[in-house]
Amino acid sequence: DQLLNENSDQLAKQAQEQFYQLLAQSGKRVLLLVDNINDIFTAIDDGNALNKLRALWMTDARMMVVGATPSHFEEVASVDQAFHDFFRIFSLDRLTRQELENFLRHFAEIQGDDQVIHAIEHAPQRIAAMRILTGGNPRLVKLGYRVLREGIDGDVRRDLERLLDECTPFFKHRIESL
């Protein structure tokens, strides 16, 4: 907040210096967890800035980056892009119908959510719709779980609207790919 209030031309440099100062004081490494990293790279839209960011992440052993994205994207897929071949890529396999149901049931038992167990047993169409809409993605299924828990008396359309509100970037990509 202090840096933003100064409205300096050197904001990025000052922020970087302050970040390194805090990092040095802590004596620890930093793990950057970046969701929808594809959107961030697209928003930067400056090859030079992306090259500097890659150089920073490659040369400073105090930083580790874990980026999540719904799919491969140009900034990591194209040979002429700054982050080509930078990340080690792990793809999450889609949960099968049975795996999805087992996950929801087990999580509901841990949470003590009888309503979700009731939905699994008496509204299988909602579970099937959730699998289609989330692509079986485990992280999104957990968000879908919340929708089931909070609105069992609703319908598939309302579930979709709530999931869209919470996961717009993922679903935008998913709808475009479908």
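Remark: pairs (first residue in the range 1-22, of a type in the set (S, T, N, Q); second residue part of a helix (DSSP H, G or I) and open to solvent by 90 Å² or more (accessible area, probe 1.4 Å); Cβ separation under 9 Å; 6+ apart in sequence or on different chains) = Gln14/Glu6; Gln18/Gln2.
Yes/no matrix, rows are residues, columns are (1) open to solvent by less than 80 Å² (accessible area, probe 1.4 Å); (2) over 21 Å from Pro70 (Cα atoms):
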site: Arg97; (1), (2): no, no
site: Ala108; (1), (2): yes, yes
site: Gln111; (1), (2): no, yes
site: Asp114; (1), (2): no, yes
site: Ile120; (1), (2): yes, yes
site: Ala129; (1), (2): yes, no
site: Leu133; (1), (2): yes, no
site: Leu140; (1), (2): yes, no
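Scan Ala55, Ala61 and give me the residue that is outside any helix (DSSP H, G or I), modelled with pLDDT of 85 or more and closer than 19 Å to Arg88 by Cβ.
Values: Ala55 fails: outside any helix (DSSP H, G or I).
Answer to the check: Ala61.
Residue count for the range 6-22 under the criterion of being open to solvent by less than 60 Å² (accessible area, probe 1.4 Å), of a type in the set (S, T, N, Q) and in a helix (DSSP H, G or I): the result is 1. Taking residues in the range 71-99 that are farther than 15 Å from Asn38 by Cα, and partners anywhere that are loosely packed, with under 14 Cβ neighbours inside 10 Å and modelled with pLDDT of 80 or more, not one pair has Cβ atoms closer than 6 Å while being at least 6 places apart or on different chains. Residue count for the range 23-52 under the criterion of being assigned to a helix (DSSP H, G or I) and surrounded by 11 or more Cβ atoms within 10 Å (Cβ to Cβ): the result is 13. For the range 25-50, enumerate the residues that are of a type in the set (Gly, Ala, Ser) and under 19 Å from Val65 (Cβ atoms). Selection gives Ser26, Ala43, Gly47, Ala49.
For residues that are surrounded by fewer than 16 Cβ atoms within 10 Å (Cβ to Cβ), under 17 Å from the mean Cα position of the chain (by Cα) and assigned to a helix (DSSP H, G or I), tally how many sit in the range 64-95. The number of residues fulfilling the criteria is 0. Would you check if there is a residue in the range 92-104 being of a type in the set (S, T, N, Q), within 29 Å of Val76 (Cβ to Cβ) and at pLDDT 70 or above? Yes, the range 92-104 contains a residue that is of a type in the set (S, T, N, Q), within 29 Å of Val76 (Cβ to Cβ) and at pLDDT 70 or above.
To keep it simple, each residue is scored yes or no on (1) of a type in the set (A, V, I, L, M); (2) farther than 30 Å from Lys28 by Cβ.
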{"residue": "Val66", "(1), (2)": "yes, no"}
{"residue": "Thr69", "(1), (2)": "no, no"}
{"residue": "Phe73", "(1), (2)": "no, yes"}
{"residue": "Arg94", "(1), (2)": "no, yes"}
{"residue": "Gln125", "(1), (2)": "no, yes"}
{"residue": "Gly136", "(1), (2)": "no, yes"}
{"residue": "Leu143", "(1), (2)": "yes, yes"}
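Out of the residues in the range 29-49 meeting the condition of being touching a residue at least 24 places away in the same chain (Cβ under 8 Å) and over 20 Å from the mean Cα position of the chain (by Cα), tell me which one is nearest to Leu3 (Cα to Cα).
The initial filter retains those residues of the range 29-49 that are touching a residue at least 24 places away in the same chain (Cβ under 8 Å), namely 29-39, 41-42, 47.
Narrowing the set further to residues that are over 20 Å from the mean Cα position of the chain (by Cα) leaves 29, 47.
Values: Arg29: 23, Gly47: 25 Å.
Checking each candidate, the answer is Arg29.
Take the conditions open to solvent by less than 90 Å² (accessible area, probe 1.4 Å), assigned to a helix (DSSP H, G or I), at pLDDT below 85 and more than 30 Å from Met58 (Cα to Cα) and apply them to Arg149. Does it pass? Even if it seems obvious, please write down each step before you answer.
Working: open to solvent by less than 90 Å² (accessible area, probe 1.4 Å): yes; assigned to a helix (DSSP H, G or I): yes; at pLDDT below 85: yes; more than 30 Å from Met58 (Cα to Cα): yes.
Yes, satisfied.
The values are calculated or read from the model by the stated rules, or taken from the named source; none is laboratory data. Every value quoted in this text rests on a predicted model; they were computed, and no experiment measured them. Every residue, glycine among them, receives a Cβ derived from its backbone with ideal geometry; neighbour counts consider all protein chains shown. What goes into the accessible areas is simple: the full protein's heavy atoms, side chains included, and nothing from ligands, DNA or RNA. Shrake-Rupley method; radii C 1.70, N 1.55, O 1.52, S 1.80 Å.
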